[in-house]
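K.L.:
The structure is given below, and queries will be raised subsequently.
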Amino acid sequence: MAKEHKDIDLRPYNSFGVSQLATRLVEFDSYDDLHATLTADPTILAGRWRVLGGGNNTLFTADYDGTLIHPISRGITITAERGTDVVVRVEAGEEWDDVVAWAVEHDLWGIENLSLIPGQAGAAPVQNIGAYGTEAKDTIESVEMLCTDTLNRLVLGGEYCSFGYRESIFKHQLAGRVIITAINLRLSRTASPRLDYGALRAEEEKLGEPTLSNIRKAVISIRESKLPDPKVLGNGGSFFKNPIVEPEVAEQLLTTYPDMPHYPAPEGKVKLASGWLIEQAGWKGRRVANVGVHDRQALVLVNHGGATGGEVMALARQVVADVKSKFGIEISPEINIVG
Ligand code: EPU
């Protein structure tokens, strides 16, 4: 049954730990529950609304005058077996890392490199979460959603989700038009370790054979060593995307900075590392009043306590400006800024 909260403090609902109010927050525990709630109360979709998952990728810079729709639906079920492939249906409100832990326990390959990414399963396709050479799109078979124009159920195959680096159709054509209710993952019983990311291979080798559980342990240990725990220090993971530039731009920078990390990107372009650019611009570990740049991973902005969303944004703008003046590159936020 949907539960409704009025004038709710969003601090427990965003990993930055900023305190803003929302006029209304509606939780749903299944597709049917969501459908029934929206049908019974048309004011929800008639006004301002958005989906709030785990709040790990959202920075509120003002009170939210509208309705936040928050999935609390749970359930991980095997729905089909095709040879060694297994289709697993996951309700949107599951914690993503619980899904990874479940897959590892059930000896299913595909998402182990995405261990410990904070957030809910329903958010995974939106920004096509990715880490250590794996992206959610590699295993998403389809996404189930409620279409807010028609209140009908829609199932979209992964191939139609326009997945890209931290991109999908849910950030563009379908933004504000659907509510994701479940995802279907295609996992495999066949071992397929992906250890191309050097640091992951090195960490995994310390543990022995590349088993699912060793890979998960290695990813967790790398993430814990670099990324702050939002329960201890408010943050939203990578605040910025890594910029993708034309090859001539990368070549030009490499003549001045031969050690600059760079990776091949689609269409012959080159991906640079925002963390490196920010560190070189002198921001790593710097603190400005209540906010700062994390001391072990410069991509992450942190709330040292009591910060407002506005303060985080002011810091972000300074970082962007300094990177732009040093390298001529404009880095952009990966985080959703809701003002
Ligand atoms: N680097 C620095 N200084 C820093 C941070 C990074 O010099 O402060 C350098 C590293 O030494 C490395 C390069 O930049 O040469 C890339 O760094 P890293 O491998 O740590 O990965 P990243 O590009 O900083 C991305 C994702 C992370 C993901 C890691 C691992 C984005 C925006 N971020 O970070 O995702 O965990 O790769 O695959 O693509 C997230 O989205 O919240 C997130 C943590």
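The values are calculated or read from the model by the stated rules, or taken from the named source; none is laboratory data. All values derive from a computational prediction rather than experimental measurement. In this analysis, Cβ positions are derived from the backbone assuming ideal geometry, glycine residues included, and neighbour counts consider all displayed protein chains. To get the accessible areas, we keep the full protein, side chains included, count just its heavy atoms, and leave off ligands, DNA and RNA. Shrake-Rupley method; radii C 1.70, N 1.55, O 1.52, S 1.80 Å.
K.L.:
Once the piece of chain linking Ser325 and Glu246 is laid out straight, how much longer is it, given 0.36 nm per residue of separation minus the C-alpha distance between them?
P.N.:
26.6 nm
K.L.:
When only the heavy atoms of the protein chains count and the probe is 1.4 Å, how do Met313, Met260 rank by accessible area, highest first?
P.N.:
My answer, sorted largest first, is Met313, Met260.
K.L.:
Which percent of the accessible area of segment 240-303 is formed by carbon and sulfur heavy atoms (probe 1.4 angstrom)?
P.N.:
Carbon plus sulfur share of accessible area: 49 percent.
K.L.:
Further, regarding this structure: In nanometres, what is the gap between the two model label sites at His106 and Val155, each 7 Å from Cα along Cα-to-Cβ?
P.N.:
1.6 nm
K.L.:
log10 I(q)/I(0), Debye, Cα-only segment 90-197, no solvent, q = 0.11, 0.16 Å⁻¹?
P.N.:
The computed values of log10 I(q)/I(0) come out as -0.32, -0.67.
K.L.:
Along its three principal axes, how long is segment 228-338 when you only count alpha carbons? Whole Å, largest extent first please.
P.N.:
Rounded to whole Å, the extents work out to 43, 25, 21 Å.
K.L.:
Using unit Cβ charges (K, R positive; D, E negative) and no other charged atoms, how large, in debye to the nearest 20, is the dipole of segment 3-71 about its Cα centre?
P.N.:
Value, rounded to 20: 220 debye.
K.L.:
Over all pairs of distinct alpha carbons, what does the Kirkwood formula give as the hydrodynamic radius of segment 58-121, in Å?
P.N.:
For segment 58-121, inverting the mean 1/r across all distinct Cα pairs yields 13.6 Å.
K.L.:
Sticking with this one: Give the accessible surface of segment 156-259 per residue, rounded to a whole number of Å², with probe radius 1.4 Å and ligands, DNA and RNA excluded.
P.N.:
52 Å²
K.L.:
Using a 1.4 angstrom probe, figure out how much accessible area segment 1-82 has per residue, in square angstrom, rounded to the nearest whole.
P.N.:
47 Å²
K.L.:
Right, another one. With unit charges on the beta carbon (Lys/Arg positive, Asp/Glu negative), name the residue among Leu10, Val100, Gly110 whose Cα is farthest towards the positive pole of the charge dipole of the chain.
P.N.:
Comparing the listed Cα positions along the dipole, Leu10 ranks first.
K.L.:
Something else now. Using a basic spin-label model with each label point 7 Å from the Cα along Cα→Cβ, how many nm lie between Glu224 and His5?
P.N.:
2.9 nm
K.L.:
I need to check one value: relative contact order of segment 76-225, counting alpha carbon pairs closer than 8 Å and at least 6 residues apart, in percent.
P.N.:
28 percent
K.L.:
Then there is this: Structure shown: which of Lys6/Lys241; Lys3/Lys241; Lys3/Lys171; Lys269/Lys326; Lys3/Lys217; Lys6/Lys137 lie over 31 Å apart, alpha-carbon to alpha-carbon?
P.N.:
Going by Cα-Cα distance, Lys6/Lys241; Lys3/Lys241; Lys3/Lys217; Lys6/Lys137 fall outside the 31 Å limit.
K.L.:
Please state the Cα pair-distance histogram of segment 3-71 with 10 angstrom bins from zero: what percent is in each bin?
P.N.:
All Cα pairs considered, the percentages come to 22, 55, 22, 1.
K.L.:
Same structure again: Please report, as a whole percent, how much of the solvent-accessible surface of segment 76-225 comes from carbon and sulfur atoms (probe radius 1.4 Å).
P.N.:
Whole-percent figure for carbon plus sulfur exposure: 50.
K.L.:
For the chain, what does the relative contact order come out to in percent, with C-alpha contacts under 8 Å and a separation of six or more?
P.N.:
Contact order relative to length: 17 percent.
K.L.:
Shifting gears a bit: Quick check: net charge around Val312, other residues with Cβ under 15 Å of its Cβ, Lys/Arg +1 and Asp/Glu -1?
P.N.:
+2
K.L.:
Assign unit charges at the C-beta atoms only (+1 for Lys and Arg, -1 for Asp and Glu), then state the dipole size of the chain relative to its Cα centre in Debye, rounded to the nearest 20.
P.N.:
Here the size comes out at about 680 debye.
K.L.:
Compute the distance in nm between two label points, each set 7 Å from the Cα along the Cα-to-Cβ direction, one at Tyr257 and one at Glu95.
P.N.:
My value for the distance between the label points is 3.6 nm.
K.L.:
Taking Cα pairs under 8 Å and at least six residues apart, what relative contact order does segment 149-221 come out at, in percent?
P.N.:
Reported as a whole number, the value is 17 percent.
K.L.:
What whole-number volume per residue, in cubic angstrom, does the convex hull of the C-alpha atoms of the chain give?
P.N.:
136 Å³
K.L.:
Could you please state, rounded to a whole Å, how far the C-alpha centre of segment 1-56 is from the C-alpha centre of segment 160-232?
P.N.:
27 Å
K.L.:
Sort 8-18, 117-127, 142-152 for me by packing, meaning the mean count of neighbouring Cβ atoms within 10 Å per residue, highest on top.
P.N.:
117-127, 8-18, 142-152
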